[in-house]
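The values are calculated or read from the model by the stated rules, or taken from the named source; none is laboratory data. In this text the structure is predicted, and so the values were computed from the model without any measurement. Cβ sites come from the backbone with ideal geometry, for glycine too, and all protein chains shown count toward neighbours.
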Amino acid sequence: MVQFLSLDGTFSALSDPTRRAILERLGQGGATISELAEPSGMSLTGLKKHVRILEEAELVTTEKHGRTRHCRLGPKRLDEASHWIEAYRRNAEERFGRLDELLERQKKGSPR
């Protein structure tokens, strides 16, 4: 159950295009809140809200240095989501494989 709660937070955080853009930018290296806000034209306050959501999902970590807040990618939350997606994909492929076999048998006219 705890795993699904963390996945809920991860997928909720990833549901917003602005937050995905922040993660994409941080994939190139750390950045300050100001540097993250600049390309979008968003206010610092607005961007801080997005960063806070990403931080709560542990997708981003921040550190305050003087008057600036530096952001970087979080430790492993996308790994959990990736593992869940991969397991779901394998399950779907297995089901489609069984469906393909059934359709082939029906095409050939042979029962089970």
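If residue 45 satisfies every condition in (1) surrounded by 12 or more Cβ atoms within 10 Å (Cβ to Cβ); (2) out of contact with any Cys (no Cβ under 8 Å at 6 or more places or on another chain) but one, which is the exception?
Exception for residue 45: condition (1).
Would you mind finding the one in 8, 16 that is within 17 Å of the chain's Cα centre (by Cα), of a type outside the set (A, V, I, L, M, F, W, C) and at pLDDT 90 or above? Break it down stepwise before answering.
On the way: 8 fails: at pLDDT 90 or above.
Unique residue meeting the criteria: 16.
Within region 88-106, identify whether any single residue is touching a strand residue (DSSP E or B) at 6+ places or on another chain (Cβ under 9 Å) and free of Cβ contacts under 8 Å to residues at least 12 places away in the same chain, and answer yes or no.
To start, the set of residues in region 88-106 that are touching a strand residue (DSSP E or B) at 6+ places or on another chain (Cβ under 9 Å) comprises none.
No, because not a single residue in region 88-106 is touching a strand residue (DSSP E or B) at 6+ places or on another chain (Cβ under 9 Å) and free of Cβ contacts under 8 Å to residues at least 12 places away in the same chain.
Looking only at region 67-94, filter to residues that are of a type in the set (Lys, Arg) and within 11 Å of residue 10 (Cβ to Cβ); which one of those is surrounded by the most Cβ atoms within 10 Å (Cβ to Cβ)? Write out each step before concluding.
Initial filter on region 67-94 (of a type in the set (Lys, Arg)): 67, 69, 72, 76-77, 89-90.
Narrowing the set further to residues that are within 11 Å of residue 10 (Cβ to Cβ) leaves 76-77.
Values: 76: 11, 77: 20.
Per the criteria, the residue is 77.
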